[in-house]
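*Asks:* Here you go, one structure.
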Amino acid sequence: PQISRNEIILTKQFRRGVGEILLELPSGKVKRGETILTAARRELEEETEYKAKKLEKLTETLVAPSWSTSKCTFFLARELIVDSHPRPHDPDENIEVVRLTFKKALAKVASGKIKDTKTVLGLLLAKRFFA
């Protein structure tokens with residue numbers, strides 16, 4: 001999610017699978033009967049309490065094509081506004097919203113501080129949109 005020409009929003013949360021607190025792009029699953037675009041908007045609102053006036057699809061990737069049909073679709077959220085009626089987080093989520101310059105986020109990727117694959121790829125895909 002792009003706050004300004006050079007600032008983005010990430011989420012910070014504990015991930016049980018690796019036992020670490022990770023910085024990530026907002027993300028989640030598509031619910032039954034929901035479009036990918038609707039799911040992207042919902043997850044952004046649930047995890048960050050921001051709404052995007054514009055969502056631009058960047059690409060769709062295959063997560064693990066040798067054993068799964070899972071896909072990951074990347075969007076660039078633009079023209080963000082604070083949601084005056086925020087949605088509640090999922091009960092098992094304890095999420096902190098982190099604002100960073102895009103340059104600092106890329107530095108965290110380069111230093112290994114951002115480890116989540118979808119976040120690394122999403123930031124690299126969005127690079128052309130930042131000053």
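The values are calculated or read from the model by the stated rules, or taken from the named source; none is laboratory data. Predicted model only: the values in this text are computed from it and were never measured. Heads up, the Cβs are rebuilt from the backbone with ideal geometry, glycines too, and the neighbour counts pull from every protein chain shown.
*Asks:* Take the residues of region 38-75 that are in contact with an Asp or Glu (Cβ under 9 Å, 6 or more places away or on another chain) and more than 22 Å from L23 (Cα to Cα): which is surrounded by the fewest Cβ atoms within 10 Å (Cβ to Cβ)?
*Replies:* That would be K53.
*Asks:* Does E7 satisfy the condition of being surrounded by 12 or more Cβ atoms within 10 Å (Cβ to Cβ), farther than 25 Å from K127 by Cβ and touching a residue at least 40 places away in the same chain (Cβ under 8 Å)? Break it down stepwise before answering.
*Replies:* Details: surrounded by 12 or more Cβ atoms within 10 Å (Cβ to Cβ): yes; farther than 25 Å from K127 by Cβ: no; touching a residue at least 40 places away in the same chain (Cβ under 8 Å): yes.
Spelling it out, it is not the case that E7 is surrounded by 12 or more Cβ atoms within 10 Å (Cβ to Cβ), farther than 25 Å from K127 by Cβ and touching a residue at least 40 places away in the same chain (Cβ under 8 Å).
*Asks:* Another one. Against the condition surrounded by 12 or more Cβ atoms within 10 Å (Cβ to Cβ) and either charged (D, E, K, R) or in contact (Cβ under 8 Å) with a residue 60 or more places away in the chain (or both), how does R32 come out, does it pass?
*Replies:* On the way: surrounded by 12 or more Cβ atoms within 10 Å (Cβ to Cβ): no; either charged (D, E, K, R) or in contact (Cβ under 8 Å) with a residue 60 or more places away in the chain (or both): yes.
Against the criterion (surrounded by 12 or more Cβ atoms within 10 Å (Cβ to Cβ) and either charged (D, E, K, R) or in contact (Cβ under 8 Å) with a residue 60 or more places away in the chain (or both)), R32 does not qualify.
*Asks:* Taking the conditions exactly as written (in contact with a strand residue (DSSP E or B) (Cβ under 9 Å, 6 or more places away or on another chain), at pLDDT 95 or above and either charged (D, E, K, R) or under 21 Å from V18 (Cβ atoms) (or both)), does K113 satisfy them or not? Step through it out loud before you land on a result.
*Replies:* Working: in contact with a strand residue (DSSP E or B) (Cβ under 9 Å, 6 or more places away or on another chain): yes; at pLDDT 95 or above: yes; either charged (D, E, K, R) or under 21 Å from V18 (Cβ atoms) (or both): yes.
In short, yes.
*Asks:* I want to confirm something. Restricting to region 104-131 and keeping residues that are of a type in the set (G, A, S) and touching a residue at least 40 places away in the same chain (Cβ under 8 Å), which single residue is farthest from S27 (Cα to Cα)? If you could, list the steps in order and put the result at the bottom.
*Replies:* Here is the first cut: in region 104-131, the residues of a type in the set (G, A, S) are 105, 107, 110-112, 122, 126, 131.
Within this subset, residues satisfying the condition of being touching a residue at least 40 places away in the same chain (Cβ under 8 Å) are 105, 122, 126, 131.
Details: A105: 17, G122: 11, A126: 15, A131: 24 Å.
Among them, the one singled out is A131.
*Asks:* Of all residues in region 5-42, how many are assigned to a strand (DSSP E or B) and farther than 25 Å from A107 by Cα? Give the steps one after another, and end with the answer.
*Replies:* We begin by selecting, within region 5-42, every residue assigned to a strand (DSSP E or B); these are 7-15, 20-24.
Retained after the next criterion (residues that are farther than 25 Å from A107 by Cα): none.
So the count comes out to 0.
Let's see how each residue does on (1) more than 15 Å from the chain's Cα centre (by Cα); (2) not polar (S, T, N, Q); (3) not in a strand (DSSP E or B):
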position: S68; (1), (2), (3): yes, no, yes
position: D92; (1), (2), (3): yes, yes, yes
position: V98; (1), (2), (3): no, yes, no
position: K118; (1), (2), (3): no, yes, yes
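*Asks:* Give me the pairs: first residue in region 73-100 and over 19 Å from E56 (Cα atoms) and of a type in the set (D, E, K, R), second residue surrounded by 13 or more Cβ atoms within 10 Å (Cβ to Cβ) and modelled with pLDDT under 90, beta-carbon distance under 9 Å, and six or more apart or on different chains, which are they?
*Replies:* Hits for this filter: R99/I3.
Residue by residue, here is whether (1) acidic (D, E); (2) in contact with a strand residue (DSSP E or B) (Cβ under 7 Å, 6 or more places away or on another chain) holds:
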position: L10; (1), (2): no, yes
position: R15; (1), (2): no, yes
position: V18; (1), (2): no, no
position: I21; (1), (2): no, yes
position: E24; (1), (2): yes, yes
position: S27; (1), (2): no, no
position: K31; (1), (2): no, no
position: L37; (1), (2): no, yes
position: E47; (1), (2): yes, yes
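*Asks:* If you scan region 15-63, which residues turn out to be over 17 Å from E79 (Cα atoms) and among the aliphatic types (A, V, I, L, M)?
*Replies:* V18, I21, L22, L23, V30, I36, A39, L62, V63 - these are the residues of region 15-63 that are over 17 Å from E79 (Cα atoms) and among the aliphatic types (A, V, I, L, M).
*Asks:* For a quick check of your reading of the model, give me the residue pairs whose first member lies in region 50-68 and is over 22 Å from K127 (Cβ atoms) and in contact (Cβ under 8 Å) with a residue 12 or more places away in the chain, whose second is surrounded by 11 or more Cβ atoms within 10 Å (Cβ to Cβ) and of a type in the set (D, E, K, R), with beta-carbon atoms closer than 8 Å and at least 6 apart or on different chains.
*Replies:* Final answer for the pair search is K51/R41; K51/E45; K51/D83.
*Asks:* Return yes or no: is D83 charged (D, E, K, R), more than 15 Å from I8 (Cβ to Cβ), at pLDDT below 95 and surrounded by fewer than 13 Cβ atoms within 10 Å (Cβ to Cβ)? Show your work before the answer.
*Replies:* Numbers: charged (D, E, K, R): yes; more than 15 Å from I8 (Cβ to Cβ): yes; at pLDDT below 95: yes; surrounded by fewer than 13 Cβ atoms within 10 Å (Cβ to Cβ): no.
Against the criterion (charged (D, E, K, R), more than 15 Å from I8 (Cβ to Cβ), at pLDDT below 95 and surrounded by fewer than 13 Cβ atoms within 10 Å (Cβ to Cβ)), D83 does not qualify.
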